[in-house]
Amino acid sequence: MIESLLVANRGEIARRIIRTAKRLGIRAIAVHSEADADLPFVTEADEAVCVGPANPAQSYRNTEAILAAAKSTGAQAIHPGYGFLSENADFARTVESSGLIWVGPGADAITAMGDKINARNLMAAAGVPVAPGTTDPAADVDAAVTAATAIGYPVMVKAAAGGGGMGMGVAADEAALRTEYDKVRAFAERMFGDGSVLIERYFPRVRHVEVQILGLADGRVVALGERECSVQRRNQKLVEESPSPAVSPELRARFLAAAVRAGEAVGYRNAGTVECLLVPRQRDFEGDGPGSEEFFFLEMNTRLQVEHPVTELVYGVDLVEEQLRVAAGLPPTFDPDALAPRGHAIELRVNAEDPKRFLPGPGAIRTWVEPTGEGVRVDSGYVAGNTVTPFYDSLMAKLIISGATRAEAIERARAAVAAFELAGPKNNLPFFAELLENEEFLSGDYDTGIVGRMR
């Protein structure tokens, strides 16, 4: 097993990785910005190194500073968490060429999945369903119009190098497409340094369902069930649950088989997620029962996901431990041929944001009392006295609740939300209290438009 691990991230995910590392007897090393010096992940690490000022480009994305920290502390491996450098193929290559262990998929897999058009084409060749769309970038707006006419409106305009719900627009007709194309291309060039644009069929009512995969050290790819991620605002997830209330056993088998094919197509190793759009039949929204047969590949996240804890609770595994074992060339702690879900889990992302408009609301934390009780887990990045700054993502904590059934998990979630004492920054706990009483959510027959209908 790895003996020393540098965690190239911050907040709750750094704290969560450090927790597993220390449980396994691995020396945990944190890197932090000047703005994060007082956060729990820094004090809980065995060693911590400041790598720069608050600006992520000068700290958490500063590859030279992070590699220097690894060298000075004698780190054997680097875990990137999610965000920042986690899907940076050049960084992954540099880590390995420096003689360090990269706790993540190979750089070639990151590169292959980093471009949405290339990823779509690879998946289609592997027999994974993809939505109707372009196989090459739309070189200009006229090419985009020609493609959209062939695909059929409405269409989604996507930044080929984008991810995480960024760089997307919807066009219902040619006039809207011309506007959205220019907007998405400009955004993509500014944010990703790549203005390539993909045109894809847009489905007005869909569910967002993803599959957790793990590429093992022996070359096998296994799937650890699916997660429902349809409660979103601005294409960003707020709530995840597993199993999905929309997925039947037959559909689950198809989902998992497709996800394994996706991983095998790129020789995937370590943890990753295959994200899909599930297109419900109209009857799903007429109270005639859940169920859908059509799903399409959306993208592959070549890293650990924010929502990985719901899979951990349902499958009884520690995915960070499994990541470390794969990186070290060790077998998993579980039997890949005997994976089976048990119970239900729900994750609520507690953000420093207004619960109505979801605009960021950073500030000093005056009160922070986490809920406890059976089936309640809190992965947090802060404690009372810390300050949520405007420099990073607004995520403060993940409230993860499990139960024998979905109904029990929801009931426990209501109690946990009510018991979470948080004062100082704006927060979205009132939204979760509302959601957990919403009839559409409670029924399980909801889609990505649920938040908009609640507002």
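For the stretch 251-276, filtering for residues that are among the β-branched types (V, I, T) and under 22 Å from I101 (Cβ atoms) leaves 2.
Residues in the stretch 355-368 that are farther than 19 Å from A419 by Cα and surrounded by 14 or more Cβ atoms within 10 Å (Cβ to Cβ): 5 in all. D115 meets each of the listed conditions (1) at pLDDT 95 or above; (2) in contact with a Ser or Thr (Cβ under 9 Å, 6 or more places away or on another chain) apart from (1).
When each of A138, A175, A160 is tested for being in contact with a Ser or Thr (Cβ under 8 Å, 6 or more places away or on another chain), more than 29 Å from V310 (Cβ to Cβ), outside the structural domain of T273 (by TED's automatic domain parsing) and aliphatic (A, V, I, L, M), the lone residue that passes is A160. Of the strands (runs of 3 or more DSSP E) lying entirely inside the stretch 302-387, not one carries at least 2 residues that are out of contact with any strand residue (DSSP E or B) (no Cβ under 9 Å at 6 or more places or on another chain) and in the same structural domain as P249 (by TED's automatic domain parsing). Scan the stretch 136-170 residue by residue and report those that are in contact with a helix residue (DSSP H, G or I) (Cβ under 6 Å, 6 or more places away or on another chain) and hydrophobic (A, V, I, L, M, F, W, C). Answer for the stretch 136-170, where residues must be in contact with a helix residue (DSSP H, G or I) (Cβ under 6 Å, 6 or more places away or on another chain) and hydrophobic (A, V, I, L, M, F, W, C): A138, V141, A144, V145, A148, V155, V157, A159, A160, A161.
If only residues of the stretch 111-167 that are of a type in the set (S, T, Y) and assigned to a loop (DSSP other than H, G, I, E, B) are counted, the one that is surrounded by the fewest Cβ atoms within 10 Å (Cβ to Cβ) is T135. Of the residues examined, Y82 is one that is touching a residue at least 40 places away in the same chain (Cβ under 8 Å), aromatic (F, W, Y), touching a helix residue (DSSP H, G or I) at 6+ places or on another chain (Cβ under 7 Å) and outside the structural domain of D393 (by TED's automatic domain parsing). Of everything in the stretch 1-44, what is assigned to a strand (DSSP E or B) and among the hydrophobic types (A, V, I, L, M, F, W, C)? Give them in sequence order. Across the stretch 1-44, the qualifying residues are L5, L6, V7, A28, I29, A30, V31.
The values are calculated or read from the model by the stated rules, or taken from the named source; none is laboratory data. All values reported here derive from a predicted model rather than from experimental measurement. Because the Cβ atoms are built from the backbone with ideal geometry, glycine has one as well, and the counts that use them run over all protein chains shown.
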